[in-house]
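Participant: Have a look at the structure that comes next, please.
The values are calculated or read from the model by the stated rules, or taken from the named source; none is laboratory data. Just so it is clear, the structure is predicted and the values come from calculations on it, not from any experiment. Quick reminder, even Gly has a Cβ in these numbers, built from the backbone with ideal geometry, and neighbours come from all protein chains shown. These accessible areas exclude ligands, DNA and RNA; they are computed on the full protein's heavy atoms, side chains included. Shrake-Rupley method; radii C 1.70, N 1.55, O 1.52, S 1.80 Å.
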Amino acid sequence: MLYSLVKPILFSLDPELAHDISLGMLQQFHRVLPGRRVDKPTRVMGLDFPNPVGLAAGLDKNGEYLDGLGKLGFGFIEIGSVTPLAQPGNPQPRIFRLSRQQSLINRMGFNNNGVDFLLDQVGDKARNFILGINIGKNLSTPVDQALSDYCLGYEKVYASADYITINISSPNTPGLRELQNEEALETLLSGISELRARLEDRLQLYRPLAIKLSPDLEQQAIPVIAELLRKYSVDGLIATNTTVTRDGVQGHRQADESGGLSGAALRDKSRQLLIDFHRELGEDIPIISVGGIDSTEEAKLRFELGAKLIQLYTGLIYRGPGLIRQIAQSL
Ligand SMILES: Cc1cc2nc3c(=O)[nH]c(=O)nc-3n(C[C@H](O)[C@H](O)[C@H](O)COP(=O)(O)O)c2cc1C
């Protein structure tokens with residue numbers, strides 16, 4: 001109700017400015033927000049989620065808005081992508097609304113304050129939701145040295161996250177998605193799983209590992225990736241990131257902006273990757289479905305297609321935060 005009143009104002013502003021204002025207000029007033037969450041507990045990746053509806057990575061890249069976001073009713077919140085060092089991302093404007101198609105194009109380019117800043121924000125406060133931390137590599141790190149950035153980020157966030165996501169699927173860091181190729185993925189997963197074993201031993205705690213994939217994978221890559229996820233005991237698969245294709249938005253005056261497309265125009269691809277990976281993985285590795293979920297019907301469908309959890313981003317921008325409770329309630 002409230003969102004329908006403020007949405008026209010927010011949509012009259014530049015998308016990034018609207019984003020900063022709404023998150024700033026949310027954080028500012030979090031103490032007076034009622035914070036009613038629908039509890040639909042579920043156990044996934046060995047963790048107890050209060051409900052299966054989560055916030056996708058990218059909205060809170062630095063973990064600065066956790067108090068406010070924690071009031072919106074999510075069962076889990078994924079912050080990041082964070083890189084080892086702070087970096088500015090691409091020049092603005094870098095988010096574009098395709099309102100008629102209920103979609104966004106973004107080329108943020110991992111703008112963030114670096115992993116140490118994020119860890120300061122997270123602190124060791126008690127939380128009533130599951131916290132995922134999504135890690136990426138710095139733009140200045142060559143792709144063939146990506147493992148060192150991922151290991152650095154992974155080790156730093158290990159104790160502070162409930163689960164850790166390795167993002168190898170953002171289209172806005174040149175070459176990043178090549179890490180999904182068989183040889184590169186094997187190098188990455190074997191390096192991270194060695195580190196995981198060392199950290200588990202040293203800290204006596206286990207943090208599940210999730211990998212986030214692109215919707216633009218070739219069909220033949222799917223069984224290859226599924227095999228590697230099994231081989232290295234990856235705990236979860238997040239499908240999907242944004243797409244570089246423009247199906248469903250052709251002709252829009254901003255369709256040619258470079259970057260990743262999210263929202264309703266991504267829906268079919270995200271569904272299809274869920275179907276394809278669920279066929280390969282069965283119940284062995286849980287899938288977190290994300291991409292174009294903006295209604296209770298779509299959310300239900302994702303669970304029917306095999307998802308164990310779902311995440312939202314663009315749907316929240318167009319439908320407002322009421323969507324979180326609506327979906328959780330309907331499950
Ligand atoms: C502005 C914007 C920034 C994003 N930044 C990140 C990011 O830093 N890391 C990441 O893994 N995904 C990022 N994403 C992708 C989302 O997490 C999600 O996978 C994608 O938008 C599809 O879901 P949706 O259709 O519900 O938005 C971003 C998406 C948007 C729209």
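Participant: Order Val244, Val32 by their accessible area, 1.4 angstrom probe, all chains in place, largest first.
Facilitator: Reading off the accessible areas and sorting them downward yields Val32, Val244.
Participant: Summing Lys, Arg as +1 and Asp, Glu as -1, what charge do residues with Cβ under 13 Å from the Cβ of Gly46 carry, Gly46 excluded?
Facilitator: -1
Participant: Which value in deg cm²/dmol, rounded to the nearest 500, describes the helix-derived mean residue ellipticity at 222 nm for the chain, given -39,500 (n - 2.57) per DSSP H run of n ≥ 4 and division by the residue count?
Facilitator: Rounded to the nearest 500, the figure is -11000 deg cm²/dmol.
Participant: Could you sort 52-61, 101-110 so that the peptide with the highest average Cβ count within 10 Å comes first and the rest follow in order? Numbers along the way, then the final one.
Facilitator: Values: 52-61: 23.7, 101-110: 22.2.
Highest to lowest by the protection proxy: 52-61, 101-110.
Participant: Still on this structure, please answer the following. Using a simple charge model, +1 on the beta-carbon of Lys and Arg, -1 on the beta-carbon of Asp and Glu, nothing else, what dipole does the range 48-173 show about its Cα centre, in debye to the nearest 20? Intermediate results must be reported in sequence, preceding the final value.
Facilitator: Details: 10 positive and 12 negative charges, 128 e Å.
Charge dipole of the range 48-173: 620 debye, to the nearest 20.
Participant: Summing Lys, Arg as +1 and Asp, Glu as -1, what charge do residues with Cβ under 11 Å from the Cβ of Ala56 carry, Ala56 excluded?
Facilitator: That sum, taken over residues with Cβ under 11 Å, equals -1.
Participant: Enumerate the lysines that Lys231 could reach by cross-link, defined here as Cα to Cα under 20 Å, with residues fewer than 8 away along the same chain left out.
Facilitator: Lys212
Participant: Under unit Cβ charges (Lys, Arg +1; Asp, Glu -1), what dipole magnitude, rounded to 20 debye, does the chain have relative to its Cα centre?
Facilitator: With Lys and Arg at +1 and Asp and Glu at -1, about 1120 debye.
Participant: Additional query: Can you give the extra length, in nm with one decimal, that the chain gains between Glu200 and Arg127 once fully stretched, where that is 0.36 nm per residue apart less the Cα-Cα distance?
Facilitator: Value of the extension gain: 24.1 nm.
Participant: Pick out, from Gly306, Leu17, Leu274, the residue whose Cα sits farthest towards the positive end of the charge dipole of the chain, with +1 on the Cβ of Lys and Arg and -1 on the Cβ of Asp and Glu.
Facilitator: My answer, from the dipole projection, is Leu17.
Participant: In percent, what relative contact order does the range 1-69 have, based on Cα pairs under 8 Å that are 6 or more apart in sequence?
Facilitator: So the answer I get is 33 percent.
Participant: If you take the alpha carbon radius of gyration of the range 2-330 and divide it by 2.2 N^0.38 Å, what ratio comes out, to two decimals?
Facilitator: Taking the Cα Rg and dividing by 2.2 N^0.38 Å, one obtains 0.92.
Participant: So what J values fall out for the range 316-322 if you push phi through Karplus, 6.51 cos²θ - 1.76 cosθ + 1.60 with θ = phi - 60°, rounded to Hz, Gly and Pro as x?
Facilitator: Working through the residues one at a time gives 5, 5, 7, 9, x, x, x Hz.
Participant: Also: Around Leu312, which amide H atoms from residues at least 5 apart in sequence, or from another chain, sit under 5 Å from its own amide H, with H modelled in the peptide plane?
Facilitator: Excluding prolines and chain starts, which carry no amide H, the hits are Gly54, Leu55, Ala56.
Participant: Using only C-alpha positions, report the orientation-averaged shadow area of the convex hull of the range 10-99, nm², one decimal. Before the final figure, lay out each step's value.
Facilitator: Numbers: hull surface 31.3 nm².
The directionally averaged projection comes out at 7.8 nm².
Participant: Still on this model: Please give me the summed charge of the neighbours of Thr240: other residues whose Cβ is under 13 Å from its Cβ, Lys and Arg +1, Asp and Glu -1.
Facilitator: Residues close to Thr240 contribute a combined charge of +3.
Participant: Also, I was wondering about something else. Test of understanding: extend the Cα→C-beta vector of Ser330 to 7 Å, then name every residue of the range 287-313 with backbone N under 13 Å from that spot.
Facilitator: Those under the cut-off are 293-304.
Participant: Would you work out what percent of the accessible area of the range 271-323, with all protein chains in place, is carbon or sulfur (probe 1.4 Å)? Numbers along the way, then the final one.
Facilitator: Working: 960 of 1870 Å².
Exposed carbon and sulfur together represent 51 percent of the surface.
Participant: Tell me, what is the FRET efficiency for Gln219 and Met25 to the nearest 0.05, using R0 = 56 angstrom and their Cβ-Cβ distance as r?
Facilitator: Rounded to the nearest 0.05, the efficiency is 0.80.
Participant: Let me check something: with ligands and nucleic acids excluded, how do Arg97, Arg31, Arg37 order by accessible area (1.4 Å probe), largest to smallest?
Facilitator: Arg31, Arg37, Arg97
Participant: Express in nm, to one decimal, how much length is gained between Ser148 and Arg230 on full extension, taking 0.36 nm for each residue of separation and deducting their alpha carbon distance.
Facilitator: 27.3 nm
Participant: Moving on to the next point. According to the square roots a ≥ b ≥ c of the eigenvalues of the Cα gyration tensor, what is the shape class of the range 21-74, taking rounded for a/c under 1.5, prolate for a/b larger than b/c otherwise, and oblate for the remainder?
Facilitator: Verdict is oblate for the range 21-74.
Participant: Under a straight-distance cross-link criterion of Cα-Cα below 20 Å, which aspartates and glutamates are reachable from Lys125, leaving out those fewer than 8 residues away in the same chain?
Facilitator: Partners within reach: Asp48, Asp60, Glu64, Asp67, Glu78, Asp116, Glu155, Asp162.
Participant: For the range 62-195, go through all pairs of different Cα atoms, get the mean of 1/r, take its inverse, and jot down that Kirkwood value in Å.
Facilitator: Final number for the Kirkwood radius of the range 62-195 is 15.8 Å.
Participant: State, as an integer percentage, the relative contact order of the range 154-302 based on alpha-carbon contacts under 8 Å between residues 6 or more apart.
Facilitator: It comes to 23 percent, rounded to a whole number.
Participant: Then there is this: Please compute the per residue accessible area over the chain with all protein chains in place, 1.4 Å probe, rounded to a whole number of Å². Don't jump to the answer; show the numbers that get you there.
Facilitator: On the way: 14160 Å² over 331 residues.
That works out to 43 Å² for each residue.
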